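The values are calculated or read from the model by the stated rules, or taken from the named source; none is laboratory data. From a predicted model like this one, the values you see are computed outputs, not experimental measurements. Here the Cβ positions follow ideal geometry from the backbone for every residue, glycine too, while neighbour counts run over all protein chains shown.
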Amino acid sequence: MIEAFEKRTVRQAEAKVVAEHPQGSLMKKAAGEVSDTTVEFLLARGAKVEETRILGLVGGGDNGGDCLYALSYLAKLGYSCLALILSDKPHKKALAAAEKAEVTIERVDLSGSARQIARLAARRARAAQVWIDGLVGTGVNGKLREPLAQVAKEISRLYESRRLKVLRVAIDIPSGIFTDDGRLPGPFFGADVTVTMGGRKSSSFLPPAAYHFGKVRLVDLGLQMKEPRLARLEATDVGALWPVPGVEDHKYTRGVVQVVAGSSSFPLTGVMCVEGAGRAGAGMVRYVGPEDAAFAILSRFPEAVSGVGKHQCLLVGPGIDPQDNSRVHEVVNQAVQAATTGIPLVLDAGAIDLYPQIISQIPGGNLTHRAVLTPHAGEAARLLSALGAGGGRGGVSRAEVEASPAAWGQYLADKTGATVLLKGAVTLIASAEGAMFSQTGAPFWTGTAGSGDVLAGIVGAVMAQHQARAEQTGHQLSPSQVSAAVASAVWVHAMAARKAAGLPFTTDDPSRGVSLGAPIVATDIARQIPQAIAYALEQA
């Protein structure tokens, strides 16, 4: 499991370790990792030493010192290096080391206008094949100040013009990304790889900031930290968590999922939910829906059973037409029954909009952590608005959720009492207790019709399987167990999508470059679910 921490937590632990080591030793170690990572990625791209020019954007303090030492190491390897000093207080010893290694030093006249300074930085960047961002580290809060804000705008504009093929390396965090909640309050630098010190920063796990870290390489400084802000499951974790049937298990003890999906307007929506649940290991999947839809679904997935029966998880919502009163009534009644009896409940798609109706009939007026809400940003915005968030501003917009999904996802979890799975390129799992999970890895092709229905089916299956185990042992699923189970379902969905798109399950190998894979449809994802689970079990 990968953990991420708030900046303050890392800095406090780092200060203690720094005090116990010879002066400058940890900075040199960090700089060495920056240098090694830069060389690794350049070699993977086939870049030649004599044809590669490296620009270091150097600020003050330790971040600038890391950059200067890294440039000195790269210069000793034969690379042409320029240190553009954008601070009136560069790290003295690191600067001396860079000068000794024959790094070209250019001190910027900071008395000039921000625009002039930014244009100078852009000219130097245009002439380089590598940009090392050593401007500002985690010791700064808020937005970048001038002239650095203007430098960030100008260099980002240059990169986005796509006229250059450049490797962007950030030290610790990309400059300008200072928040712990993933927001982007102002101009910032993006990176292709971030070499982070001591511990992963929470912003590297949280969108939209997480989209701009690139690959993250951790420099282990031996920090001792507790209470991570965020966690991310990997294959070994999923393999250890995934319920595996034993010799005495049968279809009822392996977990039964009951799916209430589809309506006269969207009769076949339940297909993807049923198949997702079945292929994820549920002992049985029951489908409750229109007769013609049931016939079509059973024709496609004959392993399913039509009709209501005993189950360990109820999945409701996909394809429910709000104008279909009989289906809405059925969804609300079944959801209320599950929530009242403590059976795990997954509210997906149309059922999220029915939350006010459902909650009004539940004693106490709250869900528990055993209920899982699975909104995308638009559905989350509607639910937040229905709950009164946004005050007199007319509610919460989708753009607001996308700008700060961690905060809004946690708000939903706290307000509803449920476990919230907020979907996106980085999917967040929040609950009222414990760390938030952040899962990623799915190819961009995953955003296709029916993909969310497959994910809902996987969530339903893993919840049913864990609930079946809990019933056998006589205990209830804890908030941390539910969050981890939901995170494992998200991991399986992402890896199944990767496999379907022709991509490896996981890779941090720069020699592979950027592999986009191929277009997929939801059924492709569903068919690869068993392979994704098998891979996780092999790694455990």
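Filter region 213-246 for residues that are outside any loop (DSSP other than H, G, I, E, B) and closer than 22 Å to Ala430 by Cα and give the result.
Of region 213-246, the ones outside any loop (DSSP other than H, G, I, E, B) are 215-219, 230-232, 235-241.
Answer for region 213-246, where residues must be outside any loop (DSSP other than H, G, I, E, B) and closer than 22 Å to Ala430 by Cα: Leu230, Ala231, Arg232, Ala235, Thr236, Asp237, Val238, Gly239, Ala240, Leu241.
Among the listed residues Ala335, Ala377, Ala349, which satisfies the condition of being within 24 Å of the chain's Cα centre (by Cα), at pLDDT 95 or above, assigned by TED's automatic domain parsing to the domain that holds Gln465 and not basic (Lys, Arg)?
Details: Ala335 fails: within 24 Å of the chain's Cα centre (by Cα); Ala349 fails: at pLDDT 95 or above.
Answer to the check: Ala377.
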Review point. Does Asp109 meet the test of being of a type in the set (Asp, Glu), without any contact (Cβ under 8 Å) to a residue 40 or more places away in the chain and surrounded by fewer than 22 Cβ atoms within 10 Å (Cβ to Cβ)?
Key: yes
**Study point:** Condition check for Gly78: part of a loop (DSSP other than H, G, I, E, B), surrounded by fewer than 21 Cβ atoms within 10 Å (Cβ to Cβ) and modelled with pLDDT under 95
**Key:** no
Practice item. Mind listing whichever residues of region 328-376 are over 22 Å from Ala461 (Cα atoms) and in a loop (DSSP other than H, G, I, E, B)? Key: Leu354, Ser360, Gln361, Ile362, Pro363, Gly364, Gly365, Asn366
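Does region 353-369 include one or more residues that are closer than 19 Å to Gly447 by Cβ and either more than 25 Å from the chain's Cα centre (by Cα) or of a type outside the set (A, V, I, L, M, F, W, C) (or both)? Write out each step before concluding.
Step one: of region 353-369, the residues closer than 19 Å to Gly447 by Cβ are none.
Within region 353-369, none of the residues are closer than 19 Å to Gly447 by Cβ and either more than 25 Å from the chain's Cα centre (by Cα) or of a type outside the set (A, V, I, L, M, F, W, C) (or both).
Quick grid of which residues meet (1) modelled with pLDDT of 95 or more; (2) surrounded by 15 or more Cβ atoms within 10 Å (Cβ to Cβ); (3) assigned to a strand (DSSP E or B):
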site: Leu84; (1), (2), (3): yes, yes, yes
site: Asp88; (1), (2), (3): no, no, no
site: Val136; (1), (2), (3): no, yes, no
site: Gly139; (1), (2), (3): no, no, no
site: Gly142; (1), (2), (3): no, no, no
site: Val151; (1), (2), (3): yes, yes, no
site: Ser156; (1), (2), (3): no, yes, no
site: Arg162; (1), (2), (3): no, no, no
Exercise for review: Return a yes/no flag: does region 429-445 have any residue that is within 18 Å of the chain's Cα centre (by Cα) and in a helix (DSSP H, G or I).
Suggested key: yes
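For region 247-260, check the following and say yes or no: at least one residue is on the phi > 0 side of the Ramachandran plot, part of a loop (DSSP other than H, G, I, E, B), outside the structural domain of Ala532 (by TED's automatic domain parsing) and crowded, with 17+ Cβ neighbours inside 10 Å.
First, pick out the residues of region 247-260 that are on the phi > 0 side of the Ramachandran plot: 255.
Filter once more, so that each one left must be part of a loop (DSSP other than H, G, I, E, B): 255.
Filter once more, keeping what is outside the structural domain of Ala532 (by TED's automatic domain parsing): none.
No, there is no match, as no residue in region 247-260 is on the phi > 0 side of the Ramachandran plot, part of a loop (DSSP other than H, G, I, E, B), outside the structural domain of Ala532 (by TED's automatic domain parsing) and crowded, with 17+ Cβ neighbours inside 10 Å.
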Study note, to complete from the structure: For region 300-315, the count of residues that are over 18 Å from Thr523 (Cβ atoms) and exposed (fewer than 15 other Cβ atoms within 10 Å of the Cβ) equals 4
